[in-house]
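Peer 1: My questions all concern the structure below.
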Amino acid sequence: MEAKANWDRTFGLHSLGALALYYMEDVHNTQWDYDAMGINAIPQRRQNLSGRVSYGYNNCYFIDANFGYTGSENFEPGKQFGFFPSGAIGWVPTNYDFMRKAVPWLDFLKIRFSYGQVGNDRISNKRFPYLTIINSNAATGWGSDSNGVNESIVGADNLAWEKSTKADVGIEAKFFKEKLSLVVDYFNDQRNGIFQQRTQVPDFAGIITMPYGNVGKMRSYGADGNISYSQDIGKDFSFTIRGNFTYSKNDVQNWEQADPKYPYQQISGMPYGVQRGYIALGLFRDDQDVESSPSQFGTVRPGDIKYKDVNGDGRITEDDQVPLAYSNYPLLMYGFGGEFRYKSFT
């Protein structure tokens, strides 16, 4: 079910707007999953109330205030709803008369900034991750006794929304009677509370499976934009050329992992999905070079690749893999395109 109310009005140089939106869903899946003890047969439910208030003055100054109050059945009662506010401001200096006269080739210029927070409840492929699952008739580990109980899954008692705080600064401009236009944005995304399985709980805690928690943190940032140029050719033809780019980076600030043997094996402090591998030093020159080098994996002959013994233990193992390059996601993307149009067929 969805219901929406929208209101807009103009008072002279002032413009006001408001929006309220209510949304709810109830998804049924009657399939019984024995491994999940029928949990997947419970309806999936979400509920949301969001709103926006906007104000503009003389088509020059703009301000928006937004909020979302969202509920998900994935969280325990009392913690199911999250409040996520955001806001934006904009300024169009080309609406001033003196600006049009001072810079006649600049048809439009808008500077904008937005800042806000969003929440994610799809943090796990398991339903109700806050629940602790108890197995009866389970083996206790004492002889052949199988009449005990154990915790097969430890629930996340402190389960919360994964939150992302986003900021964006952008410029929109049009030049030379709107023949040339561009849009450029710089963005920053700070994500906190990433849901991960704990790995640093000691064995003497007696936990069969490691619990989960909102412990991960990551920052993504970069810029993107596009530029286009349009030109008429006579009265019947026109063409447009476009180009775009995206530059994006990210840093894993905290990633749950057991303490590694060596600092270069840390996931924190590296880009997400960084590619790891061995450092190639060149090729083996002869048999003497093979004999005097750290032992490699497999059968090695002159002409084979020679890898670096990073940890200095005299053997090439997985401990010698180091970060080599960024992830499979490109750091820089760009493209070009265009179109050629008939303005009239008559």
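Peer 1: Being in contact (Cβ under 8 Å) with a residue 60 or more places away in the chain, out of contact with any strand residue (DSSP E or B) (no Cβ under 6 Å at 6 or more places or on another chain) and either aromatic (Phe, Trp, Tyr) or surrounded by 11 or more Cβ atoms within 10 Å (Cβ to Cβ) (or both) is the requirement here; does residue 237 meet it?
Peer 2: So residue 237 passes the test.
Peer 1: Among the candidates 102, 138, which residue alone is open to solvent by less than 30 Å² (accessible area, probe 1.4 Å), at pLDDT below 85, over 22 Å from residue 41 (Cα atoms) and among the aliphatic types (A, V, I, L, M)?
Peer 2: Testing whether each residue is open to solvent by less than 30 Å² (accessible area, probe 1.4 Å), at pLDDT below 85, over 22 Å from residue 41 (Cα atoms) and among the aliphatic types (A, V, I, L, M) leaves just 138.
Peer 1: Those residues that are open to solvent by less than 30 Å² (accessible area, probe 1.4 Å) and over 22 Å from residue 120 (Cα atoms), I need them from the range 153-179; list them, please.
Peer 2: Those that are open to solvent by less than 30 Å² (accessible area, probe 1.4 Å) and over 22 Å from residue 120 (Cα atoms): 170, 173.
Peer 1: Okay, moving on. Output the number of residues of the range 270-308 satisfying the condition of being within 30 Å of residue 252 (Cβ to Cβ) and polar (S, T, N, Q).
Peer 2: Within the range 270-308, residues that are within 30 Å of residue 252 (Cβ to Cβ) and polar (S, T, N, Q) number 1.
Peer 1: Cβ contacts < 6 Å: first residue modelled with pLDDT of 90 or more, restricted to the range 155-168; second residue surrounded by fewer than 16 Cβ atoms within 10 Å (Cβ to Cβ), any location; separation 6+ or different chain. Result?
Peer 2: Listed by first residue and then by second, the contacts come to 167/115; 167/188.
Peer 1: Looking at (1) more than 26 Å from the chain's Cα centre (by Cα); (2) closer than 30 Å to residue 191 by Cβ; (3) surrounded by 13 or more Cβ atoms within 10 Å (Cβ to Cβ), can you tell me which one residue 278 breaks?
Peer 2: With (1) more than 26 Å from the chain's Cα centre (by Cα); (2) closer than 30 Å to residue 191 by Cβ; (3) surrounded by 13 or more Cβ atoms within 10 Å (Cβ to Cβ) applied to residue 278, the lone miss is (2).
Peer 1: Kindly indicate the residue of the range 27-38 that is touching a strand residue (DSSP E or B) at 6+ places or on another chain (Cβ under 9 Å) and open to solvent by less than 70 Å² (accessible area, probe 1.4 Å) and also modelled with the lowest pLDDT among those meeting that condition. Give the steps one after another, and end with the answer.
Peer 2: Residues of the range 27-38 touching a strand residue (DSSP E or B) at 6+ places or on another chain (Cβ under 9 Å): 27-29, 37.
Pick out the ones that are also open to solvent by less than 70 Å² (accessible area, probe 1.4 Å) and you get 27, 29.
Details: 27: 83, 29: 70.
Within the range 27-38, the match that is modelled with the lowest pLDDT is 29.
Peer 1: I'm checking my understanding of the structure. Among residues of the range 77-93 that are crowded, with 17+ Cβ neighbours inside 10 Å and more than 24 Å from the chain's Cα centre (by Cα), which one is farthest from residue 13 (Cα to Cα)?
Peer 2: Of everything passing the filter in the range 77-93, 90 is farthest from residue 13 (Cα to Cα).
The values are calculated or read from the model by the stated rules, or taken from the named source; none is laboratory data. What you see is a predicted model; the values in this text were computed from it and never measured. Because the Cβ atoms are built from the backbone with ideal geometry, glycine has one as well, and the counts that use them run over all protein chains shown. Accessible surface areas use protein heavy atoms only, side chains included; no ligands, DNA or RNA. Shrake-Rupley method; radii C 1.70, N 1.55, O 1.52, S 1.80 Å.
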